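Some notes on the structure that comes next.
Since every read-out is calculated from the coordinates, none of them should be taken as a lab result. Values in this document were obtained by computation on a predicted structure and should not be read as measured data. Ideal geometry is used to build each Cβ from the backbone, glycine not excepted, and the neighbour counts take in all protein chains shown.
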Amino acid sequence: MSPDLDCPSSCPFAVARDEALSFPVGQVHRVASDEGEEVDETKRNMLKLLAVAGIVGVGIGGGVAGALQYAQPPTIGISSYPRVQLIDVSGKPMTLDLAMKEYSSDSLQCYTFAYPLLNEPNFFLNLHPAVDYPLNGIGPAGGPQSIVAFSAICQHLGCPAPAIAYYPAGTCPETPGGKSLYIHCTCHGSTYDPANGAANLTGPAVLPLPQVILEADANGNIFAVGMTPSSPPVNGHINTLQGDYAVGPTSQLGVQPPIILCNIP
Ligand code: FES
């Protein structure tokens, strides 16, 4: 039954209507609780809604956090560069003299060692006699400083040795920049200059290969002790120290026969 809008002020409908008009539109208001106090139902309902939403939110948030915890692989790696002694292919300590006598990179033979992590292979190159003073090279006192080491993982899409390999002069045509010896990736043709910190010579790669810092002790034993400050991270790694287990105190050279495919862009 609809209220009589014309009834006098004593009419109960008129009292209720006048009171209702004194509150903003959309606000539910009830008078006369048991204690005689006014109760704001809108506020109460909103608080209930927020409480339920909070409980549901905490539940969902906890579930997502738990799922992410199991979705992320654990970080494997080390916190700083280790000092790792290099061992030659026959098991002897690699020395400056041995490198000069038996590891001339004037041939297609290519040697790699892991550093600082097990899944990070690096070229071990003695560029003598082609280049006696490459950037950051080491060697015997008074002799060529031609021993260098670079990551053997291409900086383009990460092809590892032997797909990327060192090529002595005359193996492949000169690069567009006129270099006759270089490190060459057969996957898409990138080339790098081992005489100049493995700077990128031709693309599609644009970054240099990370260079290993080599040192020799008083007996000529060769150690890998870090990467040059200008080196980018080894391809496929957030940084060169993370992504696998450390190599340990020594790292032995292995032979990597190159894939000869001169596809320089
Ligand atoms: S992965 Fe080496 S050039 Fe593409």
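In this calculation the C-beta distance from residue 250 to residue 196 is compared with R0 = 25 Å, giving a FRET efficiency of 0.30. What is the calculated FRET efficiency for residue 132 to residue 85, with r their C-beta to C-beta distance and R₀ = 30 Å, to the nearest 0.05? Taking R0 as 30 Å, the efficiency between residue 132 and residue 85 is 0.75.
Diffusion coefficient (Stokes-Einstein, Kirkwood radius over C-alpha pairs, 37 °C, 0.692 mPa s) for region 77-265: 203 µm²/s, rounded to a whole number.
Spacing of the modelled spin labels on residue 78 and residue 109, each 7 Å from Cα toward Cβ, amounts to 2.8 nm. Using the Cβ-Cβ distance between residue 225 and residue 157 with R0 set to 25 Å, the FRET efficiency works out to roughly 0.30.
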